[in-house]
Amino acid sequence: NGKAWWVVTVFKPAIAWFGKRIEGVLIVDPENGNDTFYSMDKIPSWVDRAVPEETVKTWISYYGNFLSGWVNSWWGQKDIIEPEEPTISYGSDGQPYWVTGITSSNEKDKSMVGLLYTNTRTGKTVSYHAIGGTEEAILELVNNKVSYRKLHGAGPVIYNIHGTMTSIVPLLGESHSYQGVAMVDVANMQLAVGDDIESAYHQYQQVLTTGGQTVAPDKQHNARQFEGIVDRFSTETKGRETLYYMHVEGL
């Protein structure tokens, strides 16, 4: 309702004095210092970050280090995975999630091997199998594309666009002002760049549409042919491109 509050996460040690088990949040009025404690099952609906970013990253680091046992974390270090930086995104259920890419501990490997979605209100985490470029690789790809314009990418966030895992990357100028956006197909590392989200989206649609034309022997591209009467037709010109929209009667 337009009033500011401090929301402070409250922990208890998980084992002796170590580890952190979240008990709830303390909501503090910054004007008078009055505070109210809420357990995790009674947090107000407007609180969207009960579980801090650093805690999520710590949990995932533990998971990645000890996935194959404590001994393996010191000797052999086989199949150890590491988290990237978590970013907040809202799911189709309207809930906020920390989205964290998972990569191999091998420094030479810039491939993502999975995604973890952690509910920022409950801490519940769901793991998804995903293959593609890491955040570092995505930023490198974007920067190579726009560096001649003295731009750089920052803060990529993963979304689902037309069923494709897509990283949306804001483009910033030398003074860190917003200058546009890039969209990257995380799996195939193809990208589109635009001066605004709309033009980038139209460019990205073309990237996805022509994806079947790339040289890939094991990839198939299906085309559909049909006949009909075009009952509506319009054009849209942005920059150097013109998009044509057609509606076929009965479809």
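The values are calculated or read from the model by the stated rules, or taken from the named source; none is laboratory data. None of the values given here were measured: they were computed from a predicted structure. Don't worry about glycine lacking a Cβ; one is built from the backbone with ideal geometry, like all the others, and counts go over all protein chains shown. Note: accessible area is taken over every heavy atom of the protein model, side chains too, but ligands, DNA and RNA are not part of it. Shrake-Rupley method; radii C 1.70, N 1.55, O 1.52, S 1.80 Å.
Data overview
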| quantity | calculated |
| --- | --- |
| Boolean, Gly163 is without any contact (Cβ under 8 Å) to a residue 60 or more places away in the chain, at positive phi and out of contact with any Lys or Arg (no Cβ under 7 Å at 6 or more places or on another chain) | yes |
| Members of the range 145-182 that are in contact with a Gly (Cβ under 8 Å, 6 or more places away or on another chain) and of a type in the set (A, V, I, L, M) | Val146, Leu151, Ile158, Met165, Val169, Leu171, Leu172, Val181, Ala182 |
| Selection status of Leu116, open to solvent by less than 40 Å² (accessible area, probe 1.4 Å), farther than 25 Å from Thr209 by Cβ and in a strand (DSSP E or B) | yes |
| Flag if Val8 is under 22 Å from Thr118 (Cβ atoms) and surrounded by 12 or more Cβ atoms within 10 Å (Cβ to Cβ) | yes |
| Candidate set: the range 91-115, residues that are more than 16 Å from Ser167 (Cβ to Cβ) and touching a Phe, Trp or Tyr at 6+ places or on another chain (Cβ under 7 Å); chosen: the one modelled with the highest pLDDT | Pro96 |
| Out of Ser92, Ser127, Ser147, Ser167, sole residue that is of a type in the set (Ser, Thr, Tyr) and assigned to a loop (DSSP other than H, G, I, E, B) | Ser92 |
| Among the candidates Thr118, Thr87, Thr164, residue that is over 19 Å from Leu191 (Cβ atoms) and either modelled with pLDDT of 85 or more or touching a strand residue (DSSP E or B) at 6+ places or on another chain (Cβ under 8 Å) (or both) | Thr118 |
| Qualifying residues in the range 82-97 (those that are open to solvent by less than 40 Å² (accessible area, probe 1.4 Å) and among the small types (Gly, Ala, Ser)) - the one farthest from Val169 (Cα to Cα) | Gly91 |
| Selected residue [free of Cβ contacts under 8 Å to residues at least 40 places away in the same chain and under 24 Å from Leu172 (Cα atoms)] from Gly153, Gly114, Gly133, Gly101 | Gly153 |
| Any hit, the range 61-71, residues being over 23 Å from Thr122 (Cβ atoms), of a type outside the set (Val, Ile, Thr), modelled with pLDDT of 90 or more and open to solvent by 80 Å² or more (accessible area, probe 1.4 Å) | no |
| Conditions (1) under 27 Å from Val169 (Cα atoms); (2) open to solvent by less than 60 Å² (accessible area, probe 1.4 Å); (3) at pLDDT 80 or above: number failed by Val28 | (1) |
